[in-house]
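Take a look at the structure set out below.
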Amino acid sequence: MSIRLQLLMVALTTLVLPWAGCQYARELETALRDSQEQSLLASAGTMANALSAQPQRVFRDPDDTAAFSAARGDLYVYPLHSQPLLDGYREDWGVAADPTPLPTTTGYAARVQAGADGRYLYLYIEVDDTHFDAEPGDVHPEHDRFDRIDLTMQRQDGTRGSYFFATGAQGPIAAQRIVHGGNDRDEATEEPRIQAYWLQTSAGYHVEARIPSSFVGSRLWIEAQDGRGNGKAGADSIDTPDGGRLFFTTEGLNGLLGTFIRGGTRATVIDTNALKLGVAGNVSADLPGDPDEKAESWYRYFMAVDTSSFPQQSSEPGRLAGNSVTAALAGQPHAEWVRGPGTQELLLTAAAPIMIDGRTRGAVFLEQAGDQLLVLRDRAVSRLFNFTLLATAASVIVMFGFATWISLRIGRLRDAAESAVSSDGKIRLDMPESAGTDEIGALSRGFERLLARLNEHTQYLRTLGGKLSHELRTPLTIVRSSLDNLESEGLRDDQRHYVTRARDGTQRLQSILSALGAAARVEESIKQAEVVNFDLRELLSSAIAAYRDGFPQAHIALETPPDPCFIRGAPDLLVQLLDKLIENAVDFCPAAGVITVRLERTMGNYALQVQNDGPPIPLALHGRLFESLFEQRQDRDDKPHFGLGLYIVRLVAEFHGGTAVADNRADGGGAIFTVTLPLI
Amino acid sequence: MKKSIAIVEDEPALRENYAAALARHGYTIKTYANRKTAMQAFSAHLPDLAIIDISLEDEAEGGFDLCRDLRALSAELPIIFLTARDSELDAVSGLRLGADDFLTKDVSLPHLAARVAALFRRIDALRRPGNAAEVVRRGALSIDAERMQTTWNGTPVTLSLTEFWIVHALARNPGHVKNRQQLMDAANVVLDDNTITSHVKRMRRKFQQIDPAFDAIQTVYGMGYRWVE
């Protein structure tokens with residue numbers, strides 16, 4: 001993996017910043033949530049205290065602590081915000097709750113719902129009776145051969161009034177009041193102040209009745225009877241002396257609560273039965289914020305606090321439920337996060353008990369939308385997110401640029417290191433980046449030191465041959481002159497062998513020394529070479545003639561252009577070049593092989609080729625053959641080889657501004673050495 | 001009377017070997033290890049011939065200085081440089097300082113003795129009246145083998161002993177190619193090819209100083225040289 005990629009990966013770790021931001025935002029949300037809880041709880045407590053100081057405004061009857069019992073026929077009277085039309089339908093009441101079934105022992109089903117708008121009590125009674133028994137017209141309370149609904153109400157002063165609803169046909173009716181006649185028989189008289197509407201349906205009938213408040217106390221009995229005696233539902237005041245209680249909301253409490261609350265909060269006061277006494281405010285306040293806030297909140301998906309475990313708020317319209325309510329009615333203030341009824345909307349609820357004379361008489365229940373928090377958090381997080389993403393992007397770009405710069409420098413250094421030792425063994429001592437003060441600069445300087453030492457070593461090796469040949473010459477001369485003297489002193493024949501052998505040895509040493517110093521001598525003679533214009537073709541033909549004499553075993557062919565080929569150069573050096581190429585070709589050419597020397601005029605150059613039959617040059621050696629001191633020969637012969645021959649070829653070729661290349665013949669049956677020499 | 005030869009050579013073994021070989025040929029030998037002792041002796045008494053090594057003890061070019069001083073003492077005294085160095089530059093410097101010959105230490109003792117003998121012969125010949133029979137004439141060239149003197153169009157050409165023998169070998173058989181080995185044999189000297197080449201170059205230059213049109217020594221590449229008339 002390249003450094004650039006590595007640093008890029010490192011740069012990606014800055015993505016931890018947005019992650020940390022999310023964590024922070026989550027913490028922030030929790031803290032905000034806590035503080036919202038505390039503040040709402042405090043508000044609830046304050047309200048509860050304020051309300052407990054004026055119980056008569058909170059409770060219809062502050063002393064009434066009766067418990068709600070649906071089995072007894074207790075009814076919660078829903079507050080109605082508008083006067084409903086008497087039409088037998090309750091849809092215009094605006095009450096979400098279903099009617100309450102009346103207690104029955106006969107399987108006769110009837111359901112009832114109560115509402116009040118301040119002036120009237122409304123009753124809605126729904127009876128399942130598929131057979132309508134019409135009232136015949138001689139309405140009499142003792143007669144019960146028709147479908148009827150009996151209603152007994154206990155007034156504030158304790159007196160009771162009994163009424164019944166019956167009709168011959170669907171339509172508006174008035175209640176019949178039951179009065180005790182003189183002969184101990186009850187009489188029915190129409191009570192026009194109690195209006196009702198009898199609606200016949202496929203399942204039975206509905207009665208929607210409107211009763212002035214003055215008729216109403218806190219208790220009532222409702223009984224629905226079938227005209228054919230098939231059953232009844234509900235209770236009458238004779239069999240059950242305690243009728244169903246009516247639980248009213250407190251008049252004026254809504255307004256009172258309204259003075260306490262702020263926007264976005266809903267306050268509900270409940271009694272000990274958790275029935276609502278008054279409600280004010282609205283949880284869905286207008287939230288400040290941009291309309292496109294939602295679009296930015298995609299990151300909620302992976303950072304939002306999990307709310308699915310929050311309890312669902314009860315959806316009963318007249319009554320509250322939940323942990324907060326339970327706790328508050330037990331005397332403990334409590335706050336809780338819930339999900340709105342039927343939605344995922346977050347709500348914060350807080351409840352505080354209303355204590356009167358040390359007893360819990362009810363509770364204040366506050367609700368607030370939790371979304372406010374989300375909006376606040378989202379705004380903070382989106383900013384944080386944008387900043388950190390920007391920072392991440394910036395750092396990635398900077399890292400990338402930096403990495404590019406670093407890898408460029410290292411690349412330059414690498415290129416320089418790779419080409420520091422040129423093919424002719426010369427060493428370039430200066431490295432790029434060596435002025436850098438960092439590790440790369442140090443590395444570069446390290447390379448420079450290394451190359452300097454390598455150069456010293458190479459120089460030493462380069463001159464070693466010359467030095468050796470020079471230094472060994474004197475001792476060799478001593479040996480040889482001593483042998484000369486020894487011979488002159490007169491030797492016996494048997495001694496003469498040894499002298500001859502010693503002389504042969506010195507002769508070989510001599511040729512070795514000569515070969516060792518050859519490159520140095522050529523370099524020196526190149527320095528002193530005189531350049532003249534001459535005919536290369538003529539030089540070739542005379543030289544090849546000499547080689548044919550010199551190497552009688554070799555077959556040397558010469559191919560030249562028909563006309564003279566003048567070049568500018570040093571003919572002696574070129575003859576040496578040719579010497580080396582021919583010697584090389586002869587060494588590798590098999591006995592019956594042919595050596596071809598060819599001179600061609602090419603684009604701007606003369607190409608001098610020496611081809612020989614024989615083994616091809618191994619591929620790996622192509623570039624190195626012309627290097628100084630490079631020698632790779634399988635067979636060793638008497639002649640010393642120091643790998644200088646082809647080096648000399650290159651020196652001479654380069655002196656003439658040309659090149660020397662080695663290649664294999666296309667058929668693989670030999671080698672080609674090509675020297676190019678520029679035209680004049 | 002025996003000829004006296006002074007050998008100035010700092011390598012004792014070599015010095016003694018040379019001395020022994022030359023003594024065997026009937027010369028009186030004086031040996032010196034450095035320039036100082038040699039110069040002291042020379043100021044008192046000049047030898048008939050001096051063989052000088054170029055580097056003497058701690059003086060890398062002591063032989064050159066000695067040659068210069070000796071030449072100042074005597075213009076005719078034959079001087080041979082004998083050295084382990086074989087660079088072109090040294091040979092040129094030595095000959096320019098007035099040495100009669102420049103030999104590398106590769107030379108064998110019999111060759112050295114032949115050189116010495118030749119030099120003495122040249123000196124003796126110069127002192128005797130001329131012997132026309134020994135003179136080779138090739139056009140403008142005339143070579144007196146006895147005196148080892150060469151003239152071109154009557155003008156003397158100052159050649160070193162090696163150069164003289166090379167010219168002599170070439171001019172005796174005009175048109176014949178002499179290879180390097182033949183030239184070396186003729187000159188009684190062991191030289192590498194480059195040195196022969198530079199000797200030939202130097203000779204050409206010397207002739208060309210007298211006659212810029214001189215072109216008698218021809219290179220036959222890869223083979224050697226020939227004299228053309």
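The values are calculated or read from the model by the stated rules, or taken from the named source; none is laboratory data. No experiment lies behind these values; they were computed from the predicted model shown. Don't worry about glycine lacking a Cβ; one is built from the backbone with ideal geometry, like all the others, and counts go over all protein chains shown.
Name the residue that is nearest to A:R521 (Cα to Cα), counting only residues in region A:562-596 that are in contact with a helix residue (DSSP H, G or I) (Cβ under 6 Å, 6 or more places away or on another chain) and not in a helix (DSSP H, G or I).
Per the criteria, the residue is A:I567.
Would you say A:G490 is more than 60 Å from the chain's Cα centre (by Cα), within 14 Å of another protein chain (Cβ to nearest Cβ) and surrounded by 17 or more Cβ atoms within 10 Å (Cβ to Cβ)?
Criteria not met by A:G490.
So A:F534 fits all but one of (1) within 19 Å of B:G224 (Cβ to Cβ); (2) within 13 Å of chain B (Cβ to nearest Cβ); (3) out of contact with any helix residue (DSSP H, G or I) (no Cβ under 6 Å at 6 or more places or on another chain); what number is the exception?
Going through (1) within 19 Å of B:G224 (Cβ to Cβ); (2) within 13 Å of chain B (Cβ to nearest Cβ); (3) out of contact with any helix residue (DSSP H, G or I) (no Cβ under 6 Å at 6 or more places or on another chain) one by one, A:F534 breaks only (3).
Would you mind finding the one in A:A267, A:A233, A:A169 that is assigned to a strand (DSSP E or B) and farther than 30 Å from A:G45 by Cβ?
Going through A:A267, A:A233, A:A169 in turn, just one is assigned to a strand (DSSP E or B) and farther than 30 Å from A:G45 by Cβ: A:A233.
Do the conditions hold for B:L66, that is, is it within 12 Å of chain A (Cβ to nearest Cβ) and either touching a helix residue (DSSP H, G or I) at 6+ places or on another chain (Cβ under 7 Å) or in contact (Cβ under 8 Å) with a residue 12 or more places away in the chain (or both)?
Here the answer is no, as B:L66 does not meet what is asked.
Go through region A:65-81 and count every residue that is over 13 Å from A:L246 (Cβ atoms) and polar (S, T, N, Q).
Residues in region A:65-81 being over 13 Å from A:L246 (Cβ atoms) and polar (S, T, N, Q): 1 in total.
Identify, by number, the condition in (1) in a loop (DSSP other than H, G, I, E, B); (2) surrounded by fewer than 14 Cβ atoms within 10 Å (Cβ to Cβ) that A:D549 doesn't meet.
Exception for A:D549: condition (1).
Hey, does region A:572-590 have a residue that's away from every other protein chain (no Cβ under 14 Å) and loosely packed, with under 15 Cβ neighbours inside 10 Å?
Checking region A:572-590: at least one residue is away from every other protein chain (no Cβ under 14 Å) and loosely packed, with under 15 Cβ neighbours inside 10 Å.
Restricted to region A:413-462, and to residues that are surrounded by 12 or more Cβ atoms within 10 Å (Cβ to Cβ) and hydroxyl-bearing (S, T, Y), which residue is nearest to A:L651 (Cα to Cα)?
Out of the qualifying residues, it is A:S423.
Please find, among B:P156, B:P174, B:P212, the residue that is surrounded by fewer than 16 Cβ atoms within 10 Å (Cβ to Cβ) and in contact with an Asp or Glu (Cβ under 8 Å, 6 or more places away or on another chain).
Only one candidate passes the filter, namely B:P174.
Considering only region A:246-256, state which residues are over 30 Å from A:L151 (Cβ atoms) and in contact (Cβ under 8 Å) with a residue 40 or more places away in the chain.
Selection gives A:L256 alone.
Of these, B:A23, B:A60, B:A41, which one is surrounded by fewer than 22 Cβ atoms within 10 Å (Cβ to Cβ), modelled with pLDDT under 90 and of a type outside the set (S, T, Y)?
B:A60
Would you point out which residue out of A:E37, A:E27 is touching a residue at least 40 places away in the same chain (Cβ under 8 Å) and either not in a helix (DSSP H, G or I) or not assigned by TED's automatic domain parsing to the domain that holds A:W198 (or both)?
After ruling out the rest, the residue left standing is A:E37.
In this structure, is B:L112 of a type outside the set (S, T, Y) and either more than 14 Å from chain A (Cβ to nearest Cβ) or over 15 Å from the mean Cα position of the chain (by Cα) (or both)?
No: the conditions fail for B:L112.
Does B:I54 satisfy the criteria of being at pLDDT 85 or above, assigned to a loop (DSSP other than H, G, I, E, B), crowded, with 19+ Cβ neighbours inside 10 Å and not polar (S, T, N, Q)?
Taking the combined requirement at face value, the residue satisfies it.
Would you check if there is a residue in region B:8-20 being within 10 Å of chain A (Cβ to nearest Cβ) and of a type in the set (S, T, N, Q)?
Checked against the condition, which is being within 10 Å of chain A (Cβ to nearest Cβ) and of a type in the set (S, T, N, Q), region B:8-20 yields at least one hit.
Go through region A:61-104 and give me each residue that's closer than 24 Å to A:A203 by Cβ, part of a loop (DSSP other than H, G, I, E, B) and without any contact (Cβ under 8 Å) to a residue 40 or more places away in the chain.
Selection gives A:L85, A:G94, A:D98, A:P99.
Which of (1) surrounded by 13 or more Cβ atoms within 10 Å (Cβ to Cβ); (2) at pLDDT 80 or above; (3) in a loop (DSSP other than H, G, I, E, B) does A:V139 not meet, given it meets every other one?
With (1) surrounded by 13 or more Cβ atoms within 10 Å (Cβ to Cβ); (2) at pLDDT 80 or above; (3) in a loop (DSSP other than H, G, I, E, B) applied to A:V139, the lone miss is (2).
I'm trying to understand the selection: among the residues of region A:463-487, which are crowded, with 18+ Cβ neighbours inside 10 Å and away from chain B (no Cβ under 11 Å)?
If the condition is that a residue be crowded, with 18+ Cβ neighbours inside 10 Å and away from chain B (no Cβ under 11 Å), then A:G465 is the only one that fits.
Can you name the number of the only condition in (1) touching a Leu at 6+ places or on another chain (Cβ under 9 Å); (2) over 18 Å from B:V200 (Cβ atoms); (3) within 13 Å of chain B (Cβ to nearest Cβ) that A:I556 fails?
Result: A:I556 fails condition (1) only.
What number of residues within region A:456-514 are outside any helix (DSSP H, G or I) and more than 30 Å from B:A23 (Cβ to Cβ)?
0
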